[in-house]
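The values are calculated or read from the model by the stated rules, or taken from the named source; none is laboratory data. Since this is a predicted model, take the numbers as computed values, not measurements. Ideal geometry is used to build each Cβ from the backbone, glycine not excepted, and the neighbour counts take in all protein chains shown.
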Amino acid sequence: MAYMHIGKDFVPPDVVGKVTGRIKYSEDYSREGMVYARLLTSPVPHGRVVNIDAAEALAMDGVFGILTADDVYPDGEPQSPGLKVLTNEPTLVGEPILAIAAIDEKTAETAMAKISLTIERLPFVLDPLDSLEAGGADAYTGGNTFVFREGFAQEKWTTDQVASFRSGNEPTAEAQQSWAYGDLEAGFASSDFIHETVFSTAGYPHMSMEPRSAMAYWENGKCYLHGTSQSLSAIAEEMAGIVGVPLEDFVFINEATGGGFGQRARAGSIPSMAIPAKLSQKINRPVMMRVTREEEFTIGGARQGLQGWIKVGFRANGTMAAMDLYCISDNGGKGGGGDANSAAAGVSALYQTEAMRFRNSSIGTNTGHRGAQRGPGENQIMAIMAPIMDKAAEQLGVDRLEIRKLNAAQNGDVSGQRSEPFTSAYMPEALELAAKQFGWEEKKGRARQTNGSKVRGFGIGQGYHNAGRSGMDGIIRLMPSGRLQIHNGVGNLGTYSYASTSRAAAEVLKMPWENCDVITGRTDRHLPITSPQDGSNSIFTNTRTCYGAAQDLLGKMKEIAAMDLGGNPADYDIDGARIHQIADNTVGMSYAEVAQRGMELGGKYTGEAELPEELNTLTQLSVSRLAGSALMGIYHDPRHNNNPPGFAVCLTEIELDKETGKFQILDMVNIAECGTVVHPQGLANQLRGGAVWGIGLSALERHLYDPQNGLPASSGFWQSKIPTYLDTPLNIGTGWVDLPDPENPVGARGIGEPSMGSVSAALNAAISDALGGHLFDAAPVTTDMIINHLADVSSKAVPLAQNNFRG
Amino acid sequence: MNPKLTRRRFIKGVIASGAAVTSTSIWYAANGAERPAGSVERLIRINVNGQMRSVDVAPQETLASTLRYKLGLTGTKLGCNRGECGACTVLVDDTPSYACSVLTHSVKSMRIETVEGLQSANGDLHPVQQAFVEELSPQCGYCTPGQVMAAVGLLRANPNPTREEAQQGMAGNICRCGSYDSYLNGVMRAAQIG
């Protein structure tokens, strides 16, 4: 289909501000009379605050006040393991206990040193298995796990059960969570090759470049909060609740966010933003809270670590007959995420196994705050699965590309616990495109070729994430000037989705982009509700709402034209500047004229009547404040059917030096299967950025904690090393299948997370290939692990633990 | 201390620099009094983006703090404040430097350039900025000012780098979004634009 905007590159409105430094992040703002907050954080991994004596600090010149958990939670702290604004019951080192405000940060720091904090140490644990053992410490005061709607609980295995699992056997304890489909027993019975192993994947911090600094002030009873998030309007209601102010009196300002990756999607994962808001309310001054890199490490979130056991059966032709997956998820110090379940859904979607069983137990540890991180679960398990697929291919004599095609998701296929159909799926096409672009047939013969100490390895990886939601709202306005204002609450974290999804509205109205304004950046610009910008959903979800709002506006334009110029609405068409009769295009009105006429008519044309009944609370508030200002398109998006997948395929070639254990990525292509391409440059950025993240997962990143004191040892960029220019290939090839999805009006689906999983899988497979098919069954595979394997000492060496039993 | 400093000239300088008049050293400076023995002169003039700026600088103050919080040049970002990430990269006498790890007093005789100083007076973007826009190099944008300054420094030293040289030259700047490939495309395009 020929589009005017969809599939075309454009200059997003904020990019010039990014290259000139003019765009403002939360810490770049200031306010007259602003004072500064510093945090006093927990020095212990698990404790209970017994007493806070701040008298001496509060008596200092230039100190304005403190905020404690008692101020924030006068009725007691919420009984959940989730991240709190402040706490008297810290469950990880660095958790904020109080904030102090002063004329400057130096004074605040000096005052903080005068606070006497009495804290009772409690037992702590770093490995879920240690907690599962009888007598092992519990991460939380009420137990080592949290059961939804039931509260804290304690889960223990017998000593034999823990020892058996540590020895590499299938866990025998009953899991907290399980689901299954198909005949597992029959699947394994019919298998010609079965691989069974324990595995582990490391947790690691998000490390967004922008620390989560925030500034707040109150004016005329309203709270203005300059914060950081990946979901602008979706944050507002929950954040207002955390601050304790009605939604109509809360203004969230967030023009740009310096990275999110899952951990800034929802207010509950960034409650620290409420600290300057509450402190400002208490001392009646604007408060800036600058967050340091160390603090960002602690409260900035981390990927869940997984350890588990997996058994996979293949038939002689390479089809996957059965899969059995048991995970023990590291929930960290503040609850956790759903990584294990997503991992299971991911392997079901990607490999279309005929029978499957999934079991999982989530156990707390006194380590970083865990939560969703780019492709949570799917991207870890794909790194484990890809080498297993290669081993099966080798054992069964099937080509490595072919075994993936044999098991690939296609239109009409289903996946997951509920066997939900895909909205569309073109994985075989993605594999073929990736192979062609990479030159698989020409290159694959070089696998395992040596040159001195160096050896070549090839990897094929696939990524998946459910990539689309619905049920949100859209607001657009045709102004009396004839310009189109597209209100978009997606949030600005670097995907440019706030702008690219807005182009669906411009597309419907055939509006030149230079005549469009994207209204975003702060909630008092009256934004519609959007889904949190996580789960790769934005491009699917918000093209639906923008498209729907534009259709609503177009219908109103046609009604007005017919009313004033005669005929029926169906007799009219638009050309981007005028609405005119189809039969005689000289009879018409300019966009400005129709907008002005709509304002004269009022009522449903200007958002004052006949609103969609299902509009979300925030959208209702925004519409009520915009009512009468323009000819408006207002839309509530109904629910879509089935599962819109995002798929990606990566092929890579590496050269691994057996003397040093280091490898260099020689070639890499990362291909998207995400429906119609909306914004090619943005998509290429997601494929390249996802690739860099995949390299981090497979080769570099991990949490490290001191086992004696529970202190984090990887709170910096170089200690929990994220990939740099020199860890990534000189070029990352990109491409896309570009076939439309039927559940989206422009055919689009998301891609941000699968673009990482494909690379984590391919790279782990390539390392395995270079080492003759050795399976580490772990991620990351670090240099020391490779060297230890080559020296045949891997079973003895555990110097660089991933905080789990396998070292 | 500048012997020609008068109260009027000092106040004009402070207003021009946007600095807050709060410190005791400024009181000494403004009143022409001798500062206490052994103390460090705090009111200094530094060359930022071609302009001499008068600013009150504490002895231990980093260049990043001076730029951001005294001069209002918030384009220079703090990602780690400990020399790991490069978000605060500025040019000091044409050399990319981490402003979080440079004491302002140590560069008071040098030329400091920040991202705010690149755009020409007529509003044209610097070739590196223009190339980064055309290649859509930034994602979240937080590291972008540092990447821009690193690229400007690189291209001054090596106007026509190979892609490998550009990769090495930019390696002191981290991008968590993983936009390295897009930044390298931008650097290579900027070299062509000249």
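A residue that is within 30 Å of residue A:326 (Cβ to Cβ) and modelled with pLDDT of 95 or more cannot be found anywhere in region A:433-446.
Between A:108, A:163, A:153, A:175, the distinction of being over 20 Å from residue A:364 (Cα atoms), among the small types (Gly, Ala, Ser), out of contact with any Asp or Glu (no Cβ under 8 Å at 6 or more places or on another chain) and not assigned by TED's automatic domain parsing to the domain that holds residue A:376 belongs to A:108 only.
Taking region B:30-60 as the range and being in a loop (DSSP other than H, G, I, E, B), more than 14 Å from the chain's Cα centre (by Cα) and at pLDDT 95 or above as the test, only B:57 passes. Consider region A:110-151 and keep the residues that are assigned to a strand (DSSP E or B) and of a type in the set (A, V, I, L, M). The one that is nearest to residue A:336 (Cα to Cα) is A:147.
From the list A:593, A:614, the one residue that fits, being farther than 30 Å from residue B:183 by Cβ and either part of a loop (DSSP other than H, G, I, E, B) or within 14 Å of chain B (Cβ to nearest Cβ) (or both), is A:614. Against the condition of a type in the set (D, E, K, R), modelled with pLDDT of 95 or more and closer than 30 Å to residue A:167 by Cα, how does residue A:219 come out, does it pass? No, not satisfied. Filtering region A:371-379 for residues that are outside any helix (DSSP H, G or I) and at pLDDT below 95 leaves a non-empty set. Kindly establish whether residue B:144 is more than 21 Å from residue B:187 (Cβ to Cβ), within 12 Å of chain A (Cβ to nearest Cβ), surrounded by 21 or more Cβ atoms within 10 Å (Cβ to Cβ) and touching a Lys or Arg at 6+ places or on another chain (Cβ under 9 Å). In short, no. Considering (1) touching a residue at least 24 places away in the same chain (Cβ under 8 Å); (2) in the same structural domain as residue B:189 (by TED's automatic domain parsing); (3) surrounded by fewer than 22 Cβ atoms within 10 Å (Cβ to Cβ), the lone condition that residue B:136 does not fulfil carries the number (3). Answer yes if at least one residue in region A:702-716 is more than 30 Å from residue A:47 (Cα to Cα) and either in the same structural domain as residue A:389 (by TED's automatic domain parsing) or not in a strand (DSSP E or B) (or both), and no otherwise. Scanning region A:702-716, I find no residue that is more than 30 Å from residue A:47 (Cα to Cα) and either in the same structural domain as residue A:389 (by TED's automatic domain parsing) or not in a strand (DSSP E or B) (or both), so the answer is no. Consider residue A:168 carefully, then state whether it is at pLDDT below 95, in contact with a strand residue (DSSP E or B) (Cβ under 7 Å, 6 or more places away or on another chain), assigned to a loop (DSSP other than H, G, I, E, B) and within 25 Å of residue A:714 (Cβ to Cβ). No, not satisfied. Note on region A:3-75: enclosed helices (runs of 4 or more DSSP H) holding 2 or more residues that are surrounded by fewer than 19 Cβ atoms within 10 Å (Cβ to Cβ) and within 14 Å of chain B (Cβ to nearest Cβ) are A:15-20. If you go through region B:166-184 and keep only what is facing chain A (nearest Cβ under 7 Å), in a helix (DSSP H, G or I) and among the hydroxyl-bearing types (Ser, Thr, Tyr), you end up with B:180, B:182.
The residue that is farthest from residue A:156 (Cα to Cα), among those in region A:354-370 that are outside any strand (DSSP E or B) and among the hydroxyl-bearing types (Ser, Thr, Tyr), is A:367.
Residues checked against (1) in contact with a helix residue (DSSP H, G or I) (Cβ under 8 Å, 6 or more places away or on another chain); (2) closer than 30 Å to residue A:699 by Cα; (3) assigned to a strand (DSSP E or B):
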| site | (1), (2), (3) |
| --- | --- |
| A:619 | no, no, no |
| A:629 | yes, no, no |
| A:632 | yes, no, yes |
| A:638 | no, no, no |
| A:648 | yes, yes, yes |
| A:656 | yes, yes, yes |
| A:659 | no, yes, no |
| A:667 | yes, yes, yes |
| A:670 | yes, yes, yes |
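Scanning region A:718-729 for residues that are buried (at least 18 other Cβ atoms within 10 Å of the Cβ), in a loop (DSSP other than H, G, I, E, B), without any contact (Cβ under 8 Å) to a residue 60 or more places away in the chain and within 9 Å of chain B (Cβ to nearest Cβ) gives A:723, A:724. Within region A:104-131, residues that are β-branched (Val, Ile, Thr) sit with their Cβ atoms under 6 Å from residues that are assigned to a helix (DSSP H, G or I), at 6+ positions apart or across chains, in these pairs: A:115/A:57; A:125/A:131. Would you confirm, using the coordinates I've provided, whether residue B:128 is of a type in the set (A, V, I, L, M), more than 7 Å from chain A (Cβ to nearest Cβ), part of a helix (DSSP H, G or I) and touching a helix residue (DSSP H, G or I) at 6+ places or on another chain (Cβ under 9 Å)? Yes: the conditions hold for residue B:128. Residues being surrounded by 24 or more Cβ atoms within 10 Å (Cβ to Cβ) and assigned to a strand (DSSP E or B) are entirely absent from region A:269-282. When region A:177-224 is limited to residues that are more than 14 Å from chain B (Cβ to nearest Cβ), in a loop (DSSP other than H, G, I, E, B) and under 33 Å from the mean Cα position of the chain (by Cα), the one that is surrounded by the fewest Cβ atoms within 10 Å (Cβ to Cβ) turns out to be A:182. Considering A:702, A:749, A:688, the condition of being charged (D, E, K, R) and either closer than 23 Å to residue A:447 by Cα or facing chain B (nearest Cβ under 9 Å) (or both) is satisfied by A:688 alone. When residue A:258 is tested against (1) crowded, with 23+ Cβ neighbours inside 10 Å; (2) away from chain B (no Cβ under 14 Å); (3) under 19 Å from the mean Cα position of the chain (by Cα), only condition (2) is not met. Only one of the listed residues (A:91, A:107) is touching a Gly at 6+ places or on another chain (Cβ under 9 Å), in a helix (DSSP H, G or I) and surrounded by 16 or more Cβ atoms within 10 Å (Cβ to Cβ). That residue is A:107.
Of the residues that make up region B:83-94, is at least one in a helix (DSSP H, G or I) and of a type in the set (Val, Ile, Thr)? Scanning region B:83-94 turns up no residue that is in a helix (DSSP H, G or I) and of a type in the set (Val, Ile, Thr). Residues considered: B:89, B:104, B:95. Of these, the only one that is in contact with a Pro (Cβ under 6 Å, 6 or more places away or on another chain), away from chain A (no Cβ under 11 Å), of a type in the set (S, T, N, Q) and at negative phi is B:89. The number of residues in region B:147-165 being crowded, with 19+ Cβ neighbours inside 10 Å, small (Gly, Ala, Ser) and either at the interface with chain A (Cβ under 9 Å from one of its Cβ atoms) or out of contact with any helix residue (DSSP H, G or I) (no Cβ under 6 Å at 6 or more places or on another chain) (or both) comes to 2.
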